[in-house]
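The values are calculated or read from the model by the stated rules, or taken from the named source; none is laboratory data. None of the values given here were measured: they were computed from a predicted structure. Note that we place each Cβ from the backbone using ideal geometry, even for glycine, and neighbour counts take in every protein chain shown.
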Amino acid sequence: MRNTQGPLAGIRIVELGGVGPIPFCCMLLSDLGADIIRIDRPPGYDGGMPGDPRFNLLNRGRRSAALDLKKKEAADAILKLVSQADALVEGFRPGVAEKLGLGPDACLAVNPALVYGRMTGWGQDGPLAQAPGHDINYISLTGVLHSIGAAGGPPAIPLNLAGDFGGGSLYLALGVVSAILESKRSGRGQVVDAAMVDGSASLMTLFYGMLASGYWKDERGVNRLDSGAPWYNVYETKDGRWISVGSNEARFWRNTLQVLGLREEEMPDQHDRSRWPEVHAKFAEVFRTRTRDEWCALAEGREVCFAPVMSLSEAPDHPHLRARETFVERDGVVQPAPAPRFSRTPGAIQHAPARPGEHTDAALGDWGFSAEELAALREVGAIV
């Protein structure tokens, strides 16, 4: 077993390589110490990020073995890995793993305590289970995309954070770790069905509650947290940059007015929705009188919910993020550090992203494959 650092050290996981949410899920588990072997597909597979593998940060921390899953011998080799693993993670369309001989029944037959983690967009069943899709489609169906954007404008696409990563990877990671904990107690494995439609819907729990109460309007840009409120918004500054304001609470509202040089007695009530457009216009006018950095200097040390909108290039150099080492540099690539943090068993980037198949012999050898077995797999084309 490979030595790793983090609270999941000693946990072994087989990752059937994919793109997007599966690699991100396994990156998180690896950052927390799990020993993961990623099974990559043959060269020419149309997926992943082209170019230098060291920039494909979602693949960091795991060793890669390249196997042709269409070969029965490759499937048999994976079942041998599964027999020693705590979990397997896959992101195929429903039924594909079964056709490869690597479905839950086959895997649990060789390891009854295995946690079998499955990631799909639409779920393992339902009318859309076999339909293609991407993050933008899954969050469309659950109300997420409809809810994000300015009033009167189109929905704003939140990158692929809400579906792939928030509603998918994080829920699968939590599900896999939870099921492993249960398996250690019961000795029995199970399937974790993580669908991005389920996870993204779950992320909207607060807003469905507010909608039911009548507090939230089912339209964009008119609510407290969706840019409708002037005190929870972004404003352009004199130099064309942006400031974010999140002064929900009354004391932060009052302090924000002081920073802006506005008298509270001359402003409408904070929660008078009918006056929000007027307040927004006033804030926009005032913010345009100074640069972003000048506003930051004025707000420094004040009790306001106030922050500069940083670009990807700027964020790693912000003094707070530098002090916390929120970003690290590894092999010349600046990237987010492992999160969350642990006081006694800190996580770590186990190593740089691997080239597909970079560790085939070493990784399989560590999982019990002999030189003769590796040669036999290579001869039949199961190792590529």
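Observations on the structure shown:
- Enumeration of residues in the stretch 38-93 that are under 22 Å from His351 (Cα atoms), at pLDDT 95 or above and out of contact with any strand residue (DSSP E or B) (no Cβ under 8 Å at 6 or more places or on another chain): Leu58
- Residue count, the stretch 103-132 (criterion: under 23 Å from the mean Cα position of the chain (by Cα), hydrophobic (A, V, I, L, M, F, W, C) and outside any loop (DSSP other than H, G, I, E, B)): 2
- Per-region count, the stretch 19-37, residues at pLDDT below 95 and buried (at least 21 other Cβ atoms within 10 Å of the Cβ): 1
Per-residue answers, yes or no, for (1) over 20 Å from Pro94 (Cα atoms); (2) outside any loop (DSSP other than H, G, I, E, B):
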| residue | (1), (2) |
| --- | --- |
| Gly153 | yes, no |
| Gly175 | no, yes |
| Val191 | no, yes |
| Ala194 | no, yes |
| Gly199 | no, yes |
| Leu206 | yes, yes |
| Lys217 | yes, no |
| Gly228 | yes, no |
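- Residues that are outside any helix (DSSP H, G or I) and β-branched (Val, Ile, Thr) within the stretch 74-102 comprise just one, Val89.
- Answer from Gly143, Gly175, Gly153, Gly149 - the residue that is in the same structural domain as Leu108 (by TED's automatic domain parsing) and closer than 26 Å to Cys26 by Cβ: Gly175
- Filter result (surrounded by fewer than 17 Cβ atoms within 10 Å (Cβ to Cβ) and either in contact with a Pro (Cβ under 8 Å, 6 or more places away or on another chain) or closer than 14 Å to Gln270 by Cα (or both)) within the stretch 226-240: none
- Residue list for the stretch 205-221, filter: surrounded by fewer than 18 Cβ atoms within 10 Å (Cβ to Cβ) and of a type outside the set (Gly, Ala, Ser): Thr205, Leu206, Tyr208, Met210, Leu211, Tyr215, Lys217, Asp218, Glu219
- The stretch 286-311, residues that are within 29 Å of the chain's Cα centre (by Cα) and of a type in the set (Gly, Ala, Ser): Ala307, Ser311
- For the stretch 298-384, the strands (runs of 3 or more DSSP E) that sit wholly inside it and include 3 or more residues that are touching a residue at least 12 places away in the same chain (Cβ under 8 Å) and closer than 30 Å to Ser244 by Cα are 306-308, 333-336.
- The listed residue being more than 21 Å from the chain's Cα centre (by Cα), of a type in the set (A, V, I, L, M) and under 21 Å from Thr120 (Cβ atoms), out of Ile36, Ile22, Ile78: Ile78
- Residue-level analysis places Val333 outside the set of residues that are under 23 Å from Gly18 (Cα atoms), aliphatic (A, V, I, L, M) and outside the structural domain of Ala85 (by TED's automatic domain parsing).
- Residue match in the stretch 353-363 (condition: out of contact with any Lys or Arg (no Cβ under 8 Å at 6 or more places or on another chain), modelled with pLDDT of 95 or more and not acidic (Asp, Glu)): yes
- Some residue of the stretch 269-278 being surrounded by fewer than 17 Cβ atoms within 10 Å (Cβ to Cβ), in contact with a helix residue (DSSP H, G or I) (Cβ under 7 Å, 6 or more places away or on another chain), assigned to a loop (DSSP other than H, G, I, E, B) and touching a residue at least 12 places away in the same chain (Cβ under 8 Å): no
- Single unsatisfied condition, Gly357 versus (1) surrounded by 12 or more Cβ atoms within 10 Å (Cβ to Cβ); (2) among the small types (Gly, Ala, Ser); (3) not assigned by TED's automatic domain parsing to the domain that holds Pro42: (3)
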